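Take this structure, written in structure tokens, and hold onto it; I'll ask about it next.
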Amino acid sequence: MATCNMNMMEKLLAFIREDDPSACRHWFEDIQPVDCVDGVLTLFIDEPVRLKYLERCCSEHFNKAARSSFKGVETVRFVDEHKPGARLVEHETTSGGFTHSGFEEDMLLSPNHTFDNFVVGPDNRLAHAASVAVSKKPALAYNPLFIHGGVGLGKTHLLQAICRTSIENHPSLRIYYTSCNGFMTQFLDAVQEGSLSSFRHRFRSYDLLVIDDIHDLSKRGPSQEEFFHTFNSLYQAGRQIVLSSDAPPNDIPDLEERLISRFNCGLVANIERPCYETRVAIIRSKARIRNLTLPDDVASYIAAKIDSNIREIEGAITKLEGLSLINNSPLNLALAKKAIGEGSRVGGENQLNIQGIIEAITSYFDLKLADLLSKRRNKSIALPRQIGMYLARKHTRFSLEEIGGYFGGRDHTTVMHAVRTIDQRRSSDARLDKDLIRLEEVLIGNEIETASHLV
Ligand code: ADP
Ligand code: MG
């Protein structure tokens, strides 16, 4: 057996850092080498979520690093028992498909989504406090817990932190996290395979069921029906249910009344867009997680420039990190201005402006601007208006409220309804899809033209 020491780990991590910096996580430093037998290097990590993440997402990086760094080593395996020759942790399932650590095989949580990494501010305080309370006392604090808020504001982060902390606090709890689409797919598969009773048995045996993006349930008749029964069965048995959505229960279009009233019967907590101070704190925290030294003026600059959602803030940090690596220069204000200053695009998406979208719609459908923004509901006007709102939502960073404002002072539920309608119709209506593709070409073409004038 080859001897293992921490130098080995340093070498391995140095290789990964060099090979693909974005794959590195600060907690990789907690990994300990156990032994190296027959070309297999065994590494120990004392945390089920991290172990699973390593197995699912990092094996290739570690294998490559080990092969390149040590002669005779072919693969790396991860274990959670610190014994030489420890069993391969393939998570032999115990009865009911559960692993010894209380959660299921197909459930992947991000190791970064912990309460420790979640920055609390006035905008998310209630949702955070309720999440912590639920993970301390599942089913006794708030049931159901329903968290709603815009895109990229931390809903998934909180839901996953609840799972992770509940596993730590209550190792025997049966926990399952999935997206609403995941639930619906599994349901439809079960219907097709004729295995509905085992699907029901499984979903009704969880102690903590966490379903992300429950607004996707709208209009899905049979799935909604199934979810309703799953919900009732868990609720009546005193099990904890946690849900997230992009809108409060009453504003989810096409949701049955009986589900709305169930969602409202526990705690409904909103996450608002983060204020400036919260954004600065989040930027600092993200930099710390990535081992980046970010001067205060850079953090303030990013926070001032990006006020919509945290995913974009992360995109800006990634872009900045990349620029600093390419240019071999420190992360400073000049670089930040280059990365996210005027005329640059964060996240690489085509950020169009709403005015341009409105112009493209009126000219494409040959409409008067006054009609497009009016209260008229004739189909020939209402459809182009919905398309405009859909494109604005897809290609700009404006909130539902703001988009509603641009399109003749409509409220956010109207915009949300428009976005969903077009999104759903697009897949089944070839003509609409063609119109959208043409409009997107026009818009993106204009944008490239404008950008080339700026350079
Ligand atoms: P949502 O599910 O609401 O669309 P996510 O939970 O996926 O948003 O959050 C987007 C990103 O922003 C994630 O990487 C998450 O870790 C981060 N994030 C969101 N809110 C916070 C916060 N308060 N503190 C730290 N990171 C956050
Ligand atoms: Mg999410």
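Coordinate-derived values only; no laboratory data. Predicted model, so just to flag it, every value in this text is computed and none were measured. Please note: Cβ atoms are built from the backbone with ideal geometry, for glycine as well, and neighbour counts cover all protein chains shown.
Regarding region 185-330, what is the average projected area of its C-alpha convex hull, in nm²?
Projected area, direction-averaged: 12.3 nm².
Determine the sum of side-chain charges near Lys368: Lys and Arg each +1, Asp and Glu each -1, restricted to other residues whose C-beta is under 15 angstrom from that of Lys368.
Around Lys368, the surrounding residues sum to 0.
Over the alpha carbons of region 348-455, what is the largest minus smallest coordinate on each principal axis, giving the biggest first in Å?
Sorted largest first, the three principal extents are 41, 30, 25 Å.
If I stretch the segment between Ser68 and Glu402 completely, what's the gain in nm (0.36 nm per residue apart, minus their alpha carbon distance), one decimal?
Result for the pair: 115.0 nm of gain on full extension.
Evaluate the relative contact order of the chain (contact order divided by residue number), counting alpha-carbon pairs under 8 angstrom at least 6 apart; express in whole percent.
Once divided by the residue count of the chain, the mean separation gives 11 percent.
Can you compute the equivalent ellipsoid semi-axes for region 6-79, i.e. the square root of 5 times each eigenvalue of the Cα gyration tensor, sorted largest first and rounded to whole Å?
Here the semi-axes work out to 16, 15, 11 Å.
Suppose R0 equals 25 Å. What FRET efficiency, 1/(1 + (r/R0)^6) with r the Cβ-Cβ distance, do Glu10 and Asp38 give to the nearest 0.05?
Once rounded, the FRET efficiency stands at 0.60.
Something else: Given N residues in the chain, what is Rg(Cα) / (2.2 N^0.38 Å)?
1.10
Here is a follow-up. Can you list the residues, at least 5 places off or on another chain, whose amide H is less than 5 Å from the amide H of Phe44, using H built in the peptide plane?
It is Gln32, Val34, Val79, by chain and number.
5 Å is the cut-off here: which amide hydrogens, built 1.01 Å from N in the peptide plane, fall below it relative to Cys275, excluding neighbours closer than 5 in sequence?
Amide H neighbours of Cys275: Asp123.
Next up: Given 37 °C and 0.692 mPa s, compute D for region 274-347 with the Stokes-Einstein relation, Rh being the Kirkwood radius over Cα pairs; round to the nearest whole µm²/s.
275 µm²/s
Give me the percent of DSSP beta bridges within the chain that run antiparallel, rounded to the nearest 5.
Looking only at bridges with both residues in the chain, the antiparallel portion is about 25 percent.
Rounded to the nearest 0.05, what FRET efficiency do Asn181 and Ser233 give with R0 = 22 Å and r taken as the Cβ-Cβ distance? Could you check?
Using R0 = 22 Å, I get an efficiency of 0.55.
Check the straight Cα-Cα distances from Lys368 and name the lysines below 24 Å, setting aside those fewer than 8 residues away within the same chain.
Answer for Lys368, where 24 Å is the Cα cut-off: Lys379, Lys394, Lys434, listed by chain and number.
With the contact rule set at Cα under 8 Å and sequence spacing of 6 or more, what percent relative contact order holds for region 1-72?
35 percent
Right, next: For Asn117 paired with Glu168, estimate the spin-label separation in nm (one decimal), with each label point 7 Å from Cα along the Cα-to-Cβ line.
1.3 nm
Another question, if that's okay. Can you tell me how much longer the chain between Asn250 and Asp411 gets when fully stretched, taken as 0.36 nm per residue apart minus their C-alpha distance, in nm with one decimal?
Result for the pair: 56.5 nm of gain on full extension.
Continuing with the same structure: May I ask for the angle, rounded to the nearest 10°, between helix 6-19 and the longest principal axis of the chain, with both axes built from Cα atoms and the value confined to 0 to 90°?
Roughly 30 degrees between the two axes.
Based on the mean of other beta carbon atoms within 10 Å per residue, what is the order of 41-51, 230-240, most packed first?
41-51, 230-240
Let me ask you something else. Please compute the volume of the convex hull spanned by the alpha-carbon atoms of region 196-241 and report it per residue in Å³.
Expressed per residue, the convex hull around the Cα atoms of region 196-241 is 68 Å³.
What net charge do the residues around Ser135 carry, taking every other residue with its C-beta under 10 Å from that of Ser135, with Lys and Arg at +1 and Asp and Glu at -1?
Overall, the nearby charge balance is +2.
Follow-up. Setting aside same-chain residues fewer than 8 positions from Lys137, which lysines have a Cα under 22 Å from its Cα?
Lys155
Here's something else I'd like to know. Which one, Leu173, Gln192, Thr413, is farthest towards the positive end of the dipole of the chain when Lys and Arg carry +1 and Asp and Glu -1 on their Cβ?
Going by the Cα projections, it comes out as Thr413.
Also, quick follow-up: Quick check: pseudo-label points 7 Å beyond the Cα along Cα→Cβ at Ile326 and Asn264, how many nm apart are they?
In this crude spin-label approximation the distance works out to 5.1 nm.
Could you check the simple spin-label distance between Ser198 and Thr75, using points 7 Å along Cα→Cβ, in nm with one decimal?
2.6 nm
Ok, one more. Taking Lys64 as the anchor, which lysines have their alpha carbon closer than 26 Å to its alpha carbon, excluding any fewer than eight residues away along the same chain?
Lys11, Lys52, Lys83, Lys319
Between helix 59-69 and the chain, what is the angle of the helix's C-alpha long axis to the longest principal axis, kept within 0 to 90° and rounded to the nearest 10?
So the helix axis and the longest Cα principal axis differ by about 50 degrees.
What percentages, rounded to whole numbers, describe P(r) for region 113-241 computed over all alpha carbon pairs with 10 Å bin width beginning at zero?
For region 113-241, the binned pair fractions read 12, 43, 33, 11, 1 percent.
Please work out the Cα convex hull volume for region 239-305 and give it in Å³ per residue.
Measuring per residue, one finds 133 Å³ for the Cα hull of region 239-305.
Right, another one. With N denoting the number of residues in region 117-164, provide Rg(C-alpha) divided by 2.2 N^0.38 Å, to two decimal places.
1.06
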